[in-house]
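Here is the structure we will look at, set down as structure tokens.
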Amino acid sequence: MQYTRLGKSDLLVSRICMGCMGFGDPLTGQHRWTLGETASRDIIRYGLENGINFYDTAIAYQNGSSERYVGRALREMAKREDVVLATKFLPRTAAQIAGGISGKEAIARSLDQSLQNLGMDYIDLYIYHIWDYNTPVIDVLEALHTAVTAGKVRAIGISNCYAWQLAKANALAEREGLTPFVSVQSHYNLIMREDERELFGLCAEDHIAMTPYSALASGRLSRKEGHTRRATEDDYARGKYDSTAEQDRIIIERVAELAERHQVSMTEISLAWLLTKVTSPVVGATKKDHVDGAVNAVNLQLSPEEIQFLEETYQPHVLTGIMAQNTPQTKDVKQVWSR
């Protein structure tokens, strides 16, 4: 395993981040394909044994059971200072807004609940999961800065945002003397490369780490026909990828061709390409061979010609998933920056 600094923070992370959305009680959450606690522990242990020290979960995953499973496993299997644990908080709910709960109070409550779920005193990377168009970003930044100064959080990240939102937020943080976002977790992989238009340039200029999710496009980049369990059973994942399946197929076939040429898995090719672009991709794992593929990718070198071979047939995609669902009407945008 290789390790690197997460943006401008002092967090040293493995080049692979284990995505923990696949861990959690399948009877209480929105996903039926997740692993129970015993199976989750086995995967987490195997990740640790293979040098993965970076784990990503969220309070929203399986109604908090992912946080509980991950927290218990890491507390028992590793020294706290040896792992980097990330979790995420959601925007205020309609009920919270109606009840007069402020953005700051909502974040503080969510943080305390996550710490309780995890059974830990602090979170290494606390991530703003989805942009909250009903809460001024200054309130979000001040709440997160309070968490950092209180020792509950070491660094903050953001997910599912536009480049202009991240740029504005960090400019405001700098002006007000608040903690900036050091990382961004966005939807990026070989068949979804829209972040290269603006987000990549911003992150390179400001040394913001990129830790994209859906690294294997919900399994589509790990098997030629994409017939993984998630590909067939996860309606949300199908909504992100099925509409572009035809144009994506040629890229997937090229991944398969290179995998055969190198005598490695498609997972290794897809992630080896991704590792040339980002700091530490979030890779979900529900089987030990998922971990093997991710870890092996770290040391797989693709030639410039092979990288071009994978990239050259890409066609523009429309936004899907969370970004498509969380775009406000133009008239609502200006309230984001009001205090």
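The values are calculated or read from the model by the stated rules, or taken from the named source; none is laboratory data. All values derive from a computational prediction rather than experimental measurement. Virtual Cβ from ideal backbone geometry, glycine too; neighbours counted across all protein chains shown. Surface areas here come from the heavy atoms of the whole protein model, side chains and all, with no ligands, DNA or RNA. Shrake-Rupley method; radii C 1.70, N 1.55, O 1.52, S 1.80 Å.
A few points about this structure:
- For Glu205, the solvent-accessible surface computed with a 1.4 Å probe is close to 140 Å², ligands and nucleic acids excluded.
- Summed residue charge, Cβ within 10 Å of Met120's Cβ, Lys/Arg positive, Asp/Glu negative: 0
- Members of Lys152/Lys277; Lys8/Lys277; Lys8/Lys152 lying beyond 23 Å, as alpha-carbon distances in this model show: Lys152/Lys277
- For a label point 7 Å along the Cα-to-beta-carbon line of Glu257, residues of segment 282-309 with backbone N under 14 Å: 305-309
- Legend: residues Trp273, Trp164, Trp33, sorted from most to least accessible area (1.4 Å probe; ligands, DNA and RNA excluded), read Trp164, Trp33, Trp273.
- Summing charges over all other residues whose Cβ lies under 12 Å from the Cβ of Asp292, with Lys and Arg as +1 and Asp and Glu as -1, gives -1.
- Anisotropy class of segment 1-113 from Cα gyration tensor, a/c 1.5 cut: oblate
- Arg109-Asp292 pseudo-label distance in nm [points 7 Å out on the Cα-to-Cβ vector]: 4.6
- Sites Met77 and Ile250, calculated FRET efficiency, Cβ-Cβ separation with R0 51 Å, nearest 0.05: 0.75
- Two-site label geometry, Tyr122 and Asn299: point separation in nm, points 7 Å out along Cα→Cβ: 3.3
- The helix-based estimate of mean residue ellipticity at 222 nm for the chain, built from -39,500 (n - 2.57) per DSSP H run of four or more residues and divided by its residue count, is -13000 deg cm²/dmol to the nearest 500.
- Heavy-atom surface of the chain, accessible at 1.4 Å and reported per residue (Å²): 44
- Largest accessible area first, the residues Arg109, Arg80 order themselves as Arg109, Arg80 under a 1.4 Å probe with ligands, DNA and RNA left out.
- Residues Lys224, Lys104, ordered by accessible area of protein heavy atoms at a 1.4 angstrom probe radius and largest first, appear as Lys224, Lys104.
- Over segment 3-325, volume per residue of the alpha carbon convex hull, in Å³: 125
- Residue list for segment 247-274, given a label point 7 angstrom along the Cα-to-Cβ vector of Lys224 and an amide N cut-off under 15 Å: 249-267
- If the chain linking Thr149 and Lys8 were pulled fully straight, counting 0.36 nm for each residue of separation and taking away their Cα-Cα distance, it would gain 49.1 nm.
- Ile101 paired with Asp206, simple spin-label distance in nm, labels 7 Å along Cα-to-beta-carbon: 2.8
- The residues neighbouring Leu90, those whose beta-carbon lies less than 12 Å from its own, together hold a net charge of +2 under the Lys/Arg +1, Asp/Glu -1 convention.
- Residue by residue, segment 178-186 carries 3J(HN,Hα) couplings of 9, 5, x, 6, 9, 8, 9, 10, 10 Hz when phi is fed to the Karplus relation 6.51 cos²θ - 1.76 cosθ + 1.60 (θ = phi - 60°); x denotes Gly or Pro.
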